[in-house]
Structures are given as C-alpha cells and as structure tokens.
1. Select from the range 206-261 the residues that are over 30 Å from Asp182 (Cβ atoms) and of a type in the set (Ser, Thr, Tyr) and list them in ascending order.
2. Considering only residues that are buried (at least 24 other Cβ atoms within 10 Å of the Cβ), among the aromatic types (Phe, Trp, Tyr) and under 19 Å from Ala218 (Cβ atoms), look in the range 4-48 and name the one that is nearest to the ligand (Cβ to nearest atom).
3. From the list Leu211, Leu204, Leu137, Leu195, which one is crowded, with 22+ Cβ neighbours inside 10 Å, out of contact with any Cys (no Cβ under 6 Å at 6 or more places or on another chain) and either among the charged types (D, E, K, R) or in contact (Cβ under 8 Å) with a residue 24 or more places away in the chain (or both)?
4. Looking at the range 63-152, what strands (runs of 3 or more DSSP E) fall wholly within it and have at least 2 residues that are within 14 Å of the ligand (Cβ to nearest atom)?
5. For the range 166-252, list the helices (runs of 4 or more DSSP H) that sit wholly inside it and hold at least 3 residues that are of a type in the set (A, V, I, L, M, F, W, C), within 19 Å of Leu20 (Cβ to Cβ) and touching a helix residue (DSSP H, G or I) at 6+ places or on another chain (Cβ under 6 Å); which are they?
6. Residue check, Tyr203 against (1) over 15 Å from the mean Cα position of the chain (by Cα); (2) more than 16 Å from the ligand (Cβ to nearest atom); (3) farther than 22 Å from Lys112 by Cα, all met but one. Which one?
Amino acid sequence: MRPIGVFDSGYGGLTVLSDLLKKFPDNDFIYLGDNARTPYGNRSFEVVYNYTLEAVKALFNMGSPLVILACNTASAKALRTIQQNNLPLIDPERRVLGVIRPSVEILGEYTKTRVVGIVGTVGTVASESYPLEIEKLFPDIRTVQEACSMWVPLVENNEYFSEGSHYFVKKNIEHLFTKAPDIDTLILGCTHYPLLLPIIKKYLPSHVQTLEQGPIVAESLADYLKRHPEMNKKCSRNGICHFYTTENPQKFNQTASLFLNSEVEARQLRVYD
Ligand code: DGL
C-alpha cells in the first residue's frame with residue numbers, strides 16, 4: 001500500500017478527504033487526525049510545526065509517498081519549513097502539499113469587487129499566509145481577515161448546530177463585514193468550517209460567494225498528479241481508505257461517520273514518543 005496521506009489536527013480534514021474520495025475513487029488514502037492535541041489554531045508556530053512534522057513522518061512510515069496537509073493552520077505554519085528543511089533529509093522523493101496555495105490560485109475567477117474576506121483560526125490569520133499568497137498572485141485584490149477562535153472547538157465538540165454556533169458565527173461575520181462591507185467572496189480558510197456552512201450562509205449577505213476547500217484541493221491534486229506522472233505512478237490503487245487518530249478511536253468513529261456520512265473504523269496511532 002502506498003496511500004495518499006491526508007492530515008488534519010482533528011476532524012476538519014475529513015471535509016477535504018470526502019472530496020478526494022469522490023475525485024479519486026481508485027486511489028488508496030490514509031487519514032490521520034491528531035485529535036489528542038487538537039485544536040492547533042491557538043498554538044505557537046513551533047508547536048504546530050513539531051506536531052505536523054510528527055504526523056507527516058507517521059504517514060511516511062505507513063507508506064505514503066505524498067501527504068496533503070488538509071489543515072490551514074498546519075499549511076500556514078509548518079508546510080514551508082517541512083518542504084525546505086525536512087523533506088530533503090527524510091526522503092527527497094516524497095512530497096507534502098498544503099491547502100492554502102490551491103485556494104488562492106482560483107480566486108481571480110471569483111471576485112468582482114476585488115475585496116476578499118478570509119475566515120480562519122487565530123494561527124492562520126496571524127501567519128498572514130493568505131494575504132501574502134494573494135498579494136503575490138493578485139496584487140489588485142484587497143484582503144480582510146477575521147480570526148474565529150471558537151469555530152473549531154464548536155465543530156470538534158459536535159456543537160455545530162447549537163445556539164452557541166449561531167452566536168459566534170454571527171459575531172465574527174458581522175465583525176468582518178464591518179471592516180469591509182464590499183467583500184463579495186469569502187474563503188473558508190479552515191477545513192472545519194464547511195460543517196458550519198448552513199449557519200455561515202444565514203449571516204452572510206446573500207450575494208457573497210463562499211469558497212470551500214474540499215473540491216478546490218481535489219481539483220488541484222488532479223492537476224498536480226497530471227503534471228507529476230512519476231508521483232501518480234507511486235500512489236497505489238485498491239480503493240482503500242484507512243483512518244487513524246491519536247485519540248480514542250470510538251469517539252473518532254462516531255464523529256467521522258457523521259462528517260463522511262458512512263461508517264468509519266479508525267485505529268489509534270501514537271505519533272510521538
Ligand atoms: N482544520 C484546521 C484548519 O484548517 C483546524 C485548525 C485547528 O486545529 O485549530 O486550520
């Protein structure tokens with residue numbers, strides 16, 4: 001088995017995995033959620049980098065030639081360092097990809113007002129990864145960010161349809177639009193957020209489009225594998241997906257089954273000593 005590895009701090013990456021499974025039904029995948037240490041959003045650069053590196057190494061040890069960080073916080077804080085400093089030493093033939101660049105690349109087609117809102121974790125927003133990437137590709141687009149520190153904990157705790165979710169989503173969306181009322185495109189810059197989408201839409205002005213990362217990342221991976229046939233050949237194809245969590249698998253199974261709308265049987269994995 002040489003499955004494509006998909007990593008997130010918890011359940012959020014399942015929103016990306018779900019689109020990957022649809023787009024690549026023949027490929028093998030391993031999903032790893034670091035549920036024991038989630039959320040990453042408020043953690044320091046150093047901690048997110050160390051946790052992410054441990055997860056990437058664990059996925060490599062299970063045979064993945066390619067790992068997708070299906071987590072914006074990990075992509076923002078750890079991806080570049082892993083690509084530049086760790087991969088050449090671990091195995092220069094393997095690859096780690098993130099979710100920020102693909103989400104930015106397609107932005108030009110969406111916004112008419114050239115004002116784009118980004119909602120993300122405190123870590124993703126503080127890293128300035130989105131504004132910096134957008135500035136590189138589309139210097140005419142203005143970006144306005146909002147850190148939504150409570151959204152991931154709400155999702156991780158199955159509270160996504162509760163009154164609490166309404167309260168925090170409304171508060172952050174209103175605050176974002178106070179800063180820039182002419183936003184016409186909103187990037188959901190956290191893979192947990194599609195679960196809150198019905199509530200987000202309730203508080204968004206109706207003309208604002210939302211960009212979800214699952215389909216974007218699946219398209220971008222298809223393009224990557226086309227441009228890198230040597231990597232495409234390395235990825236095994238038995239249509240199998242295995243799930244691992246650093247926490248108790250029972251809770252993971254219940255929640256992940258809700259996320260994916262199908263039964264999940266995860267195994268527990270220790271990624272650190
Ligand atoms: N899904 C992660 C992201 O996309 C959540 C981060 C967290 O654990 O706080 O940023």
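1. Across the range 206-261, the qualifying residues are Tyr224, Ser236, Tyr244, Thr245, Thr246, Thr255, Ser257.
2. Tyr11
3. Answer to the selection: Leu195.
4. Correct list: 66-69, 115-120, 142-147.
5. 213-227
6. Unmet for Tyr203, out of (1) over 15 Å from the mean Cα position of the chain (by Cα); (2) more than 16 Å from the ligand (Cβ to nearest atom); (3) farther than 22 Å from Lys112 by Cα: (3).
The numbers here are math on the coordinates, done by the rules we state, and not lab data. In this text, all values refer to a predicted model and were calculated from it rather than measured experimentally. Cβ: placed from backbone, ideal geometry, glycine included. Neighbour counts: every protein chain shown.
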